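Enquirer: Structure incoming, see below.
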């Protein structure tokens, strides 16, 4: 009898149009490099997806699930622009996360549909100079710039190495941006580089004949694949020199390619140590990665987590149905979030994040943290 009554009530609700309305999903989109040689896009995506999965598992944001739509641009600028157009044409987009390299970010920011929208490109894992590119109005960075990395890198070298510094341009999507940042920072310090050239020129360089001519440090710009050969050459010709790379280097890939030569290499990092459990956010990210991906955390999965958490914090401030206009406004005003020594906030809530630290590849192939 109870079941019949319930069915009658449901029928009456249908007839009166009083059925509850399902909350609209929050649509977040992104174009990024998922099929290229670099692990940056894959790890960054895993960090974002892991946090969104956890949010959806607890009921979403104010009862709305996050629908995350990604398209692979393979690191090509032309594909990134086409993907942006397609994402905006096929979806009612509420928020958009930025691509994973300088080239694809610049292309995405210039896409006509994006320029005509209220959307911000959030949290690109690239340290490109947004002011130089004149895209500050359409991009909200979360991490420090390559100039910030160059500054921290040279400060670190100054503490233990007095010898000349060499700059080698390896391969990789952001190698050129890293080289430019290092050159500008060196010039600001009146630091003359003992070598400034390509990886090919570095490999053809004759080894120093005397200890006085030996280098104190070799900075190699590029991704893991793009720095491996130059790193191995440095180990042979200037074995006492410190070898340093930017955050673009994935240490796991470098170990696979360069083997023992990678051990002891210094790398800048733009998020706190992902393997540590000192702070609550580190423990949360580590637990989420294990639960939803069954993978260890990396610098770029943690960076994705930070971006996703900032976006969710903004979404929680949106009243009513989310729209691109509302979400972008909330992103600009989201209050600071503390990630240990790193502080991230919306554009109008505080100074830009400038956190950079140094790590090293350990003898066991991990990161010294």
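Enquirer: When you check residue 101 against the structure, is it over 30 Å from residue 243 (Cβ atoms) and outside the structural domain of residue 186 (by TED's automatic domain parsing), yes or no? Walk me through it before giving the result.
Expert: Numbers: over 30 Å from residue 243 (Cβ atoms): no; outside the structural domain of residue 186 (by TED's automatic domain parsing): yes.
Judged against the criteria, residue 101 is not a match.
Enquirer: If you don't mind, another one. Between 325, 318, which is over 30 Å from residue 228 (Cβ atoms) and assigned to a helix (DSSP H, G or I)?
Expert: Residue meeting the stated conditions: 325.
Enquirer: If I filter region 138-146 for residues that are farther than 17 Å from residue 268 by Cα, in a helix (DSSP H, G or I) and under 27 Å from the mean Cα position of the chain (by Cα), do I get at least one hit?
Expert: For region 138-146, residues farther than 17 Å from residue 268 by Cα, in a helix (DSSP H, G or I) and under 27 Å from the mean Cα position of the chain (by Cα): absent.
Enquirer: Quick test of your reading of the structure: residue 275 fulfils all but one of (1) within 19 Å of residue 150 (Cβ to Cβ); (2) in a loop (DSSP other than H, G, I, E, B). Name the failing condition by number.
Expert: (1)
Enquirer: Being farther than 26 Å from residue 33 by Cβ and either out of contact with any helix residue (DSSP H, G or I) (no Cβ under 9 Å at 6 or more places or on another chain) or not in a strand (DSSP E or B) (or both) is the filter here; which residues of region 215-260 pass it?
Expert: Selection gives 215, 216, 233, 234, 235, 236, 237, 238, 239, 240, 241, 260.
Enquirer: Determine which member of the set 258, 314 is within 17 Å of residue 365 (Cβ to Cβ), more than 17 Å from the chain's Cα centre (by Cα) and either surrounded by 21 or more Cβ atoms within 10 Å (Cβ to Cβ) or not assigned by TED's automatic domain parsing to the domain that holds residue 62 (or both). Even if it seems obvious, please write down each step before you answer.
Expert: On the way: 314 fails: within 17 Å of residue 365 (Cβ to Cβ).
None of the others qualify; the one that does is 258.
Enquirer: Please find, among 182, 191, 167, 153, the residue that is in contact with a helix residue (DSSP H, G or I) (Cβ under 9 Å, 6 or more places away or on another chain), over 24 Å from residue 84 (Cα atoms) and in a loop (DSSP other than H, G, I, E, B).
Expert: 191
Enquirer: For region 28-127, list the helices (runs of 4 or more DSSP H) that sit wholly inside it and hold at least 3 residues that are over 25 Å from residue 284 (Cβ atoms) and touching a helix residue (DSSP H, G or I) at 6+ places or on another chain (Cβ under 6 Å); which are they?
Expert: Hits in region 28-127: 77-90, 102-109.
The values are calculated or read from the model by the stated rules, or taken from the named source; none is laboratory data. The structure displayed is predicted, hence computed values, not measured ones. Positions of Cβ are generated from backbone atoms using ideal geometry, with glycine treated the same way; all protein chains shown enter the neighbour counts.
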